[in-house]
Amino acid sequence: MKNVGVFYHPSFSRKSYMTVGNRLRDFPEALEPLRQRPNVRLFEAPRVSEELILKVHDPAMLELVARDGFCSTAYESVGSVVAGMTALAQGEIDRAFCFIGAGGHHAGYGQFWGACCFNDVVIALTHTREISRFRRFAIVDTDAHHADGTSQLIREDPEVFLLCFCGVDYQAQGGGEVDVNVQRLNRGADANSQYLEKVRQHLPLVQQFKPDLLVWYYGFDTHEEDYGSVGLTEAAYFAICDLMINTAAELNVPLQVVLGGGSLSHIATNTIPEIIRRLAEA
Ligand SMILES: [Zn+2]
Ligand SMILES: [Zn+2]
């Protein structure tokens, strides 16, 4: 049985950046049944230090983020992802689900947009290298949008592999990034299976990279009702989850799920507890 850590902060529900949808309004209550499980632990996300942020970002970012109302949860959001990855690297848990209130993958060295503030995953892996033997990280990004900030920050880093399902087909020289266009799938009844086929086709790249840890950047804005729709339904997310679990299991490495975009509370409530349940059972 795998030990699962769930990283959460009350501010993600009360003042999440997605104020219109208030997408996490059913949390943490929706996690209550999972907390009965002996192998699922809920942790409160700490604030990340400025010192750690500045190992990844331009110092000017601190002021820009402080002025942006959408970034009110930025420090706890990065703290959630850092704490999750740290616990995985130290072997305290095997799998993690990290909630966030402000996103990460559109945050580059000196700029951010699209409801992102600091790059949570890159800050976390920078820290993890300092406190563990972990060096190599694979990021599978199934948010609807291109992970431009992450792409910029890892470009010179041969020990990070980004597999990004977005709106372009692209392969970086040297192989550190592969982008797969999923915007032109035939939407409708077949969207889930077409999307999943794209994921399945490209997961061998993650296997070949042999990461020490696998990150799944889980945005549900790809849902047919949400703002980045590629026509998916909830079933697609559970199938992707199982693919990620299997990939991490075959590599024998920890799996970290990091929440990305998506605005609708019923999709969050219908998918997140079930994803955590799968992390705890498979
Ligand atoms: Zn997105
Ligand atoms: Zn991309």
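Summary of computed values
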{"item": "Unique residue being closer than 16 Å to G262 by Cα and away from ligand 1 (no atom under 16 Å from the Cβ) when the list is E250, E234, E224", "result": "E234"}
{"item": "Residue in segment 209-222 that is surrounded by fewer than 20 Cβ atoms within 10 Å (Cβ to Cβ) and within 28 Å of E159 (Cα to Cα) present", "result": "yes"}
{"item": "Number of the exception - T233 against (1) at pLDDT below 95; (2) more than 16 Å from the chain's Cα centre (by Cα); (3) not acidic (D, E)", "result": "(1)"}
{"item": "Subset tally (residues that are away from ligand 1 (no atom under 16 Å from the Cβ) and assigned to a loop (DSSP other than H, G, I, E, B)) for segment 152-171", "result": "6"}
{"item": "Any pair with Cβ under 7 angstrom, 6 or more apart, that starts in segment 238-261 at a residue that is within 16 Å of E197 (Cβ to Cβ) and in contact (Cβ under 8 Å) with a residue 24 or more places away in the chain and ends at one that is within 16 Å of ligand 2 (Cβ to nearest atom) and not aliphatic (A, V, I, L, M)", "result": "I240/T142; M244/W216"}
{"item": "Selection count, segment 112-156, where residues are among the hydroxyl-bearing types (S, T, Y) and more than 19 Å from A74 (Cβ to Cβ)", "result": "4"}
{"item": "Unique match (being under 26 Å from N270 (Cα atoms), in a loop (DSSP other than H, G, I, E, B) and of a type in the set (A, V, I, L, M)) among L24, L42", "result": "L24"}
{"item": "Among the candidates G149, G91, G174, G79, residue that is part of a helix (DSSP H, G or I) and away from ligand 1 (no atom under 16 Å from the Cβ)", "result": "G79"}
{"item": "Tally, over segment 126-146, of residues that are assigned to a strand (DSSP E or B), away from ligand 2 (no atom under 12 Å from the Cβ) and not aromatic (F, W, Y)", "result": "1"}
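The values are calculated or read from the model by the stated rules, or taken from the named source; none is laboratory data. Not measured: the values here are computed from a predicted model. Here Cβ is always computed from backbone atoms with ideal geometry, including for glycine, and neighbour counts include all displayed protein chains.
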